[in-house]
1. Without any contact (Cβ under 8 Å) to a residue 40 or more places away in the chain and of a type outside the set (Val, Ile, Thr): does that describe LYS409?
2. Whether any residue in the stretch 251-266 is among the small types (Gly, Ala, Ser), surrounded by 19 or more Cβ atoms within 10 Å (Cβ to Cβ) and within 34 Å of the chain's Cα centre (by Cα) is what I want to check.
3. Looking at (1) open to solvent by 70 Å² or more (accessible area, probe 1.4 Å); (2) within 30 Å of THR426 (Cα to Cα); (3) more than 19 Å from the chain's Cα centre (by Cα), can you tell me which one GLU311 breaks?
4. Going residue by residue through the stretch 539-558, is there one that turns out to be modelled with pLDDT of 70 or more and either surrounded by fewer than 20 Cβ atoms within 10 Å (Cβ to Cβ) or among the β-branched types (Val, Ile, Thr) (or both)?
5. If you check every pair at least six apart or on different chains, which have Cβ atoms under 7 Å apart with a residue in the stretch 474-489 that is acidic (Asp, Glu) first and a residue that is surrounded by 17 or more Cβ atoms within 10 Å (Cβ to Cβ) second?
6. On the basis of being modelled with pLDDT under 85, buried (at least 16 other Cβ atoms within 10 Å of the Cβ) and assigned to a helix (DSSP H, G or I), does ILE708 make the cut?
7. Please work out which one of (1) open to solvent by 80 Å² or more (accessible area, probe 1.4 Å); (2) under 30 Å from ASP351 (Cα atoms) is the condition ARG270 fails and give its number.
8. Does LEU662 qualify as being among the hydrophobic types (A, V, I, L, M, F, W, C), open to solvent by 10 Å² or more (accessible area, probe 1.4 Å) and either without any contact (Cβ under 8 Å) to a residue 40 or more places away in the chain or not in a helix (DSSP H, G or I) (or both)?
Amino acid sequence: MKSVLMALVLASAGAAGVAGLSFGLPDGLIKGLPRLGAGAGGVTTGSTDDAPGAGARQTGFEIAQTDTAQTNGTSAVDTTERSTVVDESALRYFAARGDIARLNAEIARLRSLYPTWTPPENPLAVPVNEDKQLEAMWALYSQSRYADVRAAITKRQQEDPQWMPPSDLVERLDVAEKRAELIAASNAGKSEDVVRLGAETPSLLTCSDADVLWRVAEAFARTDRKQRAKDAYGYMLDNCTDAPVRVATMQKASTLLAYQDMQDLLSRERVGADGIKEFDAVRSDLARRFVGEGDEDATITVAPAYLKLVEKLVADEGLASDALLLGWYHLRRDENAIAEPFFRKARAVEDSASAAQGLALILLARKMPGEAEDVMYAWRTSSDQARQTYLAATANLLALDPPPKLDAKVLGRIAQVTLEEKHPETGEQFGWYALVMDQPTTAAEWFSQVLEWKKDDEPAAYGLGVARLRLEDETGLAALKQAWAGRSERIARLGEGEAMDGGTVRTVVGKQPRLARTSERVTTRPLVEEVAVRRQREVRTVRRANTAPAVTADCRSTRNPAGLAPATALALGWCLMERNRPMEAAQAFEVALAGEGRTKSDAAYGQSLAYLRVGLTSDAAVAATRATLDQRRGAELQVAILGDRAVSSFRAKRYRETIAFLDQRSQLHAEPTDLMVLRAYAYKNLGMRGDALRLFEALGETGQRDAIRALAEMRSEGRR
């Protein structure tokens, strides 16, 4: 048994020597480890680039002094080494107990202390220590009970003041305690202490204790000395021969070093006699790390071999995580066509926020916001980035030109998220979308909401001005202009410089690039009623575009239309309507009714509109019968009158009559959302809650805020 043990010991020691193991401090570490400067009173570094200056005098102990002694050694030094008696008792102790790891570590330590020392051929032949107390101390040391060793030494010195512990035991005890302190500092994340302790105990930094070298290398990396960390890992790959240690070194380095540094370390890979490279077992994981690093940093160009390896992993193993690595790598480099299949593959295997977001970004770049919205909706709350991506999709979807016809469910959920997130961009695009869909009232609501959330949003204010212009809300437009006076030239010019055609204003408004949100509205019902009345004004504006009277009038001052020619009175009436003076306009139209043909027909039409504007529905109906109107105008007036009567009946709380007028109107023209809300409220007030809820739900899915609020109120009432 002893012969076998001896063979193992000598083989291990010989292998260490043949492998060229430096039991001193590696060159790469010497540069970065601190040195103790007696004159500096603290810790400095041994790196030349960290030195105080080229001409600075270096005093005190330096970590590099062992190498210097070997290089510049003199006969005096050699004589000292030869004359020194090396304490080999620890070798016999570890060999006797079959502790080969500690035996090799002791051989390495003694070689670092005594470069010319040669290990004994048979450590067991070292004379047996007859000192039983000392043997007990070595036994405690072998059990890592360093405090007990110190206590035993102190106790013996108290009993025998002349006794001195062997220097070898004291040195080994110092090193062991430093090692324990270094590991404790490493576990506690005290990287600077790890570097300091490594500098103070260079005998620890050898291949015989890979764990310490790994910890020192990590400490370098954690303290932004990546080059020193690379040197440490490089030293291990250059000098350590144990295969598991080499593989583990590469794995640890890959978690701390950058891609380019890792390529330098990989160049030190060894190939076995069978042609297999030593890092093949971990190459797939390394490739994943490299591609992942490229995901985070677009300036890194990962070698095609690693990309192909991850592609093969996607094909062979089918992991969504591998597909995501490639998807994001190519997306960061604007290679969307290559990235898209990987994101779709990842979603097919395991849908996730990362996969959805990557695909959505590609779809947005392809101007497909509808699909992007659908992809991201389920993941919109998973992170801030996911939420931003979803809202970007909604804004781009509403901003499409021409505007898409969106499903009510999609519009409803976009509106809900916009209100929840208070997202100005999507809210503003909702406003422009409503304008394009000929819903100026809804548009005004969204633009107003945006201004409540973001008071200085000029695009939203401009959109609100456009909506008020479309609604012929001159008072509101004037107030908006006053509020933005001196801050927006285009708001100040709203309604000015427009093409005038027989008193008809036609304003061309383009969609704005930004978006807005809605504000808290006042009460629902008055607004709905006001909208129902305002719609009648829109009828007149559209029809006037085709009348083009030959006579124009100046109505800036008050005039008595009596005595005017019918054509002049007609022109005056339209001018007054444009200035929102309907009662004066009705008087002018009364004079124009004395005319013949088209003049009389226009006068009857205009007077009916004037009465509708001030809520005189019955007078409007009478005026419409005072001349023959063409079929289109007659139908428009009838629709407007029925709508106005529905509103009047609602105000008078005659809800069944309201529904009857709305039913008549719906036979002539599709019911707008504002009157649908009015109908739903009428159902609710008649106790027809089921019908009211269904209608509010349908309207709520389109983003109609009156309906959303009413629906919330009804559900709240139902829970009481």
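The values are calculated or read from the model by the stated rules, or taken from the named source; none is laboratory data. Computed from a predicted structure; not experimentally measured. Neighbour counts run over all protein chains shown; Cβ positions are idealised from the backbone, glycine included. Accessible surface is based on the protein model in full, side chains and every heavy atom, while ligands, DNA and RNA are left aside. Shrake-Rupley method; radii C 1.70, N 1.55, O 1.52, S 1.80 Å.
1. Against the criterion (without any contact (Cβ under 8 Å) to a residue 40 or more places away in the chain and of a type outside the set (Val, Ile, Thr)), LYS409 does not qualify.
2. Scanning the stretch 251-266, I find at least one residue that is among the small types (Gly, Ala, Ser), surrounded by 19 or more Cβ atoms within 10 Å (Cβ to Cβ) and within 34 Å of the chain's Cα centre (by Cα), so the answer is yes.
3. (2)
4. Among the residues of the stretch 539-558, not one is modelled with pLDDT of 70 or more and either surrounded by fewer than 20 Cβ atoms within 10 Å (Cβ to Cβ) or among the β-branched types (Val, Ile, Thr) (or both), which makes the answer no.
5. Here the result reads none, with nothing in the stretch 474-489 linked to a residue that is surrounded by 17 or more Cβ atoms within 10 Å (Cβ to Cβ).
6. For ILE708, the condition - modelled with pLDDT under 85, buried (at least 16 other Cβ atoms within 10 Å of the Cβ) and assigned to a helix (DSSP H, G or I) - is met.
7. Of everything listed in (1) open to solvent by 80 Å² or more (accessible area, probe 1.4 Å); (2) under 30 Å from ASP351 (Cα atoms), ARG270 misses just condition (2).
8. no
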